[in-house]
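Colleague: One structure, pasted below without further comment.
Read-outs: derived from the displayed coordinates by stated rules, not from any lab. A quick note: this is a predicted structure, and the numbers were derived from the prediction, not measured. Cβ atoms come from the backbone with ideal geometry, glycine included; neighbour counts cover every protein chain shown.
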Amino acid sequence: MPDVGFERSAVLVLAGVVHLAGCGTGDPCGNEALARVEAPGGARVALVFERGCGATTGFSTQVSVLPARSTFRVAPAFLRPTESGNVLIIDDAHGRVRVGARWVDETHLELTYAPSVVTSLASATVDGVSVRHIRSEQPPAPGEPVSARVIAPFSKAFTIALVSDSIWGHCDFSMTVDERGEGEVRNACRDYDGPLTRATRRLSPEDVEELRPLLRAADLFGAVSEGTDHRGLDLPLITLTVAADGRTTEMVCFMNPDFQREGPRKALLDRLMRSFRETRDARAQ
């Protein structure tokens, strides 16, 4: 007489195996790649994709930063579910959203999308990559071609202006670098009861190449801390204005925590103040 209990157990086990083989871990989600943007050097990619998890949910636009040779799973496989974005997840109520991805360099990524969208994830860093999230009314479309040769900020012409103003005097210090990489420093100062004195010198190629990474690391077009005017306390107002790549930013750097604590902005200010003192001392001789 056949063992009915054994047969029933075998059928249940077989059904479970078939279920696992067909659905992986029961993951109902699928991904559709919209854009793949390689970082300079080719070690990483930014992947913009649309994720859906069944008829009862909407579609969500998401972004992941992945090793270039990793596998992006569009559908679940045996014991291998699909993965959601690790950098950006936009609420599924929005459906497909225009998201632009642009690598500034190997470890800095810019993502651009509309101000109105709601995100459940917007990471500032992932796996050693810093991610800047830009809200724009006209973001680029997903998959919009990106130049294979990514131009890092401050690679071309830029200007820096450092202005110090107090009851004791006024100084205008500037650095200008043109498209050819040739630069000049100017410093014009007047004490409260003295004449205007000027100094000018050329920036060496080494000076220019030292400034570019300092400016990039300071991320002056990112989060801005405007600072405070303390001139009523007999303290100077020191403002920094930087223009490059069609953008301009201005902020107070004296008694501004962003420029006082150790970090890339303080390193930039220290370098600028060094040149300021050099040209100030030169005019005094």
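Colleague: Where the centre of each part is set by its Cα atoms, how far does segment 98-135 sit from segment 60-89, in angstrom?
Modeller: Taking the Cα centre of each part, segment 98-135 and segment 60-89 sit 16 Å apart.
Colleague: Right, next: Determine, for each peptide in 44-54, 260-270, 192-202, the mean count of other beta carbons within 10 angstrom over its residues, then list the peptides with the highest first.
Modeller: Highest to lowest by the protection proxy: 44-54, 260-270, 192-202.
Colleague: Let me ask something else about it. Nearest 20 debye, what's the magnitude of the dipole of segment 158-284 about its Cα centre given +1 on Lys and Arg Cβ and -1 on Asp and Glu Cβ? Mind dumping the intermediate values first?
Modeller: Numbers: 18 positive and 23 negative charges, 36 e Å.
The calculation lands at about 180 debye.
Colleague: A follow-up question, please. List, in order, the whole-Hz ³J(HN,Hα) value for each residue of segment 57-71 obtained from phi through the Karplus relation with A = 6.51, B = -1.76, C = 1.60 and θ = phi - 60°; use x for Gly and Pro.
Modeller: Whole-Hz 3J(HN,Hα) from phi for segment 57-71: 10, x, 9, 10, 7, 9, 9, 10, 9, 9, x, 4, 9, 6, 9.
Colleague: Sorted by average packing, counted as other Cβ atoms within 10 angstrom per residue and highest first, what order do 175-181, 85-91 take?
Modeller: Highest to lowest by the protection proxy: 85-91, 175-181.
Colleague: If I stretch the segment between residue 261 and residue 200 completely, what's the gain in nm (0.36 nm per residue apart, minus their alpha carbon distance), one decimal?
Modeller: 18.9 nm
Colleague: Each label point is 7 Å from the Cα along the Cα-to-Cβ direction; what then is the distance between the points at residue 180 and residue 248, in nm?
Modeller: It works out to 2.6 nm between the two label points.
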